[in-house]
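The values are calculated or read from the model by the stated rules, or taken from the named source; none is laboratory data. Only a predicted model underlies this, so the values are computations on that prediction, with no experimental measurement involved. Cβ atoms come from the backbone with ideal geometry, glycine included; neighbour counts cover every protein chain shown.
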Number of protein chains: 2
Amino acid sequence: MVDVPTLVAQAREGRPRAVARLISLVEGASPQLREVMSALAPRCGNAYVVGLTGSPGVGKSTSTSALVSAYRRAGKRVAVLAVDPSSPFSGGALLGDRVRMSEHASDPGVYIRSMATRGHLGGLAWAAPQAIRVLDAAGCEVIIVETVGVGQSEVEIAAQADTSVVLLAPGMGDGIQAAKAGILEIGDVYVVNKADRDGADATVRELNHMLGLGEARGPGDWRPPIVKTVAARSEGLDEVVEALEKHRAWMEERGVLAERRARRAAHEIETIAVTALRERMGGLGGPRRLDALAERIVSGSLDPYTAADELIAGLKATE
Amino acid sequence: MVDVPTLVAQAREGRPRAVARLISLVEGASPQLREVMSALAPRCGNAYVVGLTGSPGVGKSTSTSALVSAYRRAGKRVAVLAVDPSSPFSGGALLGDRVRMSEHASDPGVYIRSMATRGHLGGLAWAAPQAIRVLDAAGCEVIIVETVGVGQSEVEIAAQADTSVVLLAPGMGDGIQAAKAGILEIGDVYVVNKADRDGADATVRELNHMLGLGEARGPGDWRPPIVKTVAARSEGLDEVVEALEKHRAWMEERGVLAERRARRAAHEIETIAVTALRERMGGLGGPRRLDALAERIVSGSLDPYTAADELIAGLKATE
């Protein structure tokens, strides 16, 4: 067993080794997590959480690294959480912590961690927010949550951020592709990286057009800005930070930030509760009970809804 | 209210309109679903479910269409379920049924349906299997489940198929990209489409290499074959059907098919049970209870695990 009070005290002082161990407890779904989270709760809520998503090839790692530098210039303590939800079977992030953003490796004001959120439904949903809590309580002022990989999970991660940055690059393909990826609904700030390439202005125009479609914004509503960058040359990143700070100020002014955080917390509670219930169902009379119900479905003697009723009835009977 | 017994009887006769209405009940999460599924259960379990996944641009729609033709030549009744899990906010499939695979539109032996599985965690998980049940009970012998979009959800859909086909095309990028997408773990059959293009053989070689890595296969284990196609010219599709039938025979011989289906049914039961519990939690004392807990998390006076405990305690108290 880990000495949680000591570890939490050290993490609160921002000691990287303690932070790393706590996040490992999160990844390992340690039973001590409850104790950790209870101890961290009073210290949470100060970090500004920025989600950064985008398709492979748009320059996500480079952009994250350049964004870290920009925040460091502004004197902020920064954490990067690189989440890989796309590899449910491997159980390990393909990119190790060490090869990522080596330029920040020796900066004590930067904490970098990659996290594989293996596993099926809900795997990501409870793990990433707990890691964010650890970093928050450790005094990180800005936490950049970067997704590795693509798809639906991006949207879930965006839902965990205060502000979502969607990264694009020229020549990404047509607007329909972007719309299908669901990114037009999630961005608070859009960044067109590799802006020195042909087609950058066309991408900005197209994005502007798509963002303007079908939306009746009121006078005080947020209009997602589009910022051009060349992350590999560190160009445009201060403008990104500026756009982020504007969004944050806008959210604070209107109470949107508190609203988002409350919604996020509600989702987090629900996910933890569901995970706990799911575990309990799996444990009812061993997995054999579920297996027996499954056999009856395969043989056609039972339908899945009735089976689910029986499973839930079993849950209640044991309590 | 829908007259379920009549509708189910008509669907069992394979009448497309009845099938369409039943799937709409699934999409709309109708309370009558229980009744429908109970009536359909004895007729389920005969269809062979083929999952078809691949990145945008590899020719998924064209391949699906050509695969339908190949199965039709073999005299099978075929259904296509095109699932779009990537657009959680839109609530509608971007590709309508009508623009898809128009060449099969007048063939009464082919049923085509697209399905948007909007919504967060679990949205897809319960809807697609129920639609598959409807098609299965309606006498479709082969059901091709094609994903529109990319990401984690692909893996979930693959988990619902008897056999998973992963589609690639030359020049898709390096193998790491494919590995990151998790596709090397999910394919039972690999198809390299656009095989008339430069680089097709290199893609096959690379794939072969990646599939061979890190795996100790026994003598009777399944080695995923790689089939080359040019779907736009209907080339190679009979070979795909042959590979599928081989995989099916292999699964049946070894009891793998029954195992997969039982595992799928278990997952299905669990998902329905969790969804039901989730709804019940949301309804506990109204959403206000959850909101109140969320506020306490945001203010730092509570941690999410303790909040989840309180939520579950409330669930039990009301039963």
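One line per residue, one yes/no per condition, for (1) surrounded by fewer than 21 Cβ atoms within 10 Å (Cβ to Cβ); (2) aliphatic (A, V, I, L, M); (3) within 14 Å of chain B (Cβ to nearest Cβ):
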| residue | (1), (2), (3) |
| --- | --- |
| A:D3 | yes, no, no |
| A:Q10 | yes, no, no |
| A:P16 | yes, no, no |
| A:V19 | no, yes, no |
| A:G54 | no, no, yes |
Number of the exception - A:S63 against (1) farther than 30 Å from A:L168 by Cα; (2) in contact (Cβ under 8 Å) with a residue 60 or more places away in the chain; (3) not in a loop (DSSP other than H, G, I, E, B): (1)
Pairs with Cβ under 7 Å, 6+ apart, first in the stretch B:265-286 and over 18 Å from A:P304 (Cα atoms), second at pLDDT below 80 and among the β-branched types (V, I, T): B:L284/B:T318
Residue list for the stretch B:223-250, filter: under 16 Å from B:V68 (Cβ atoms) and part of a loop (DSSP other than H, G, I, E, B): B:T229, B:S234, B:G236
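Based on this model, can you work out whether A:R248 counts as out of contact with any Ser or Thr (no Cβ under 6 Å at 6 or more places or on another chain) and closer than 20 Å to B:D291 by Cα?
Details: out of contact with any Ser or Thr (no Cβ under 6 Å at 6 or more places or on another chain): yes; closer than 20 Å to B:D291 by Cα: no.
Taking the combined requirement at face value, the residue does not satisfy it.
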Candidate set from the stretch B:1-39 (those that are in a helix (DSSP H, G or I) and of a type in the set (G, A, S)); member that is modelled with the lowest pLDDT: B:S24
Tally of residues being outside any helix (DSSP H, G or I), modelled with pLDDT of 85 or more and either among the acidic types (D, E) or surrounded by fewer than 15 Cβ atoms within 10 Å (Cβ to Cβ) (or both) across the stretch B:282-302: 1
Index of the failed condition, B:P42 passing every other in (1) at pLDDT 90 or above; (2) surrounded by fewer than 15 Cβ atoms within 10 Å (Cβ to Cβ); (3) within 14 Å of chain A (Cβ to nearest Cβ): (1)
Filtered residues of the stretch B:190-210 (kept if in contact with a helix residue (DSSP H, G or I) (Cβ under 6 Å, 6 or more places away or on another chain) and either among the charged types (D, E, K, R) or part of a loop (DSSP other than H, G, I, E, B) (or both)): B:N193, B:E206
Members of the stretch B:192-244 found to be without any contact (Cβ under 8 Å) to a residue 12 or more places away in the chain, acidic (D, E) and within 17 Å of B:L167 (Cα to Cα), listed by number: B:D201, B:E242
Breaking point among (1) assigned to a helix (DSSP H, G or I); (2) more than 7 Å from every other protein chain (Cβ to nearest Cβ); (3) aromatic (F, W, Y), for B:Y305: (2)
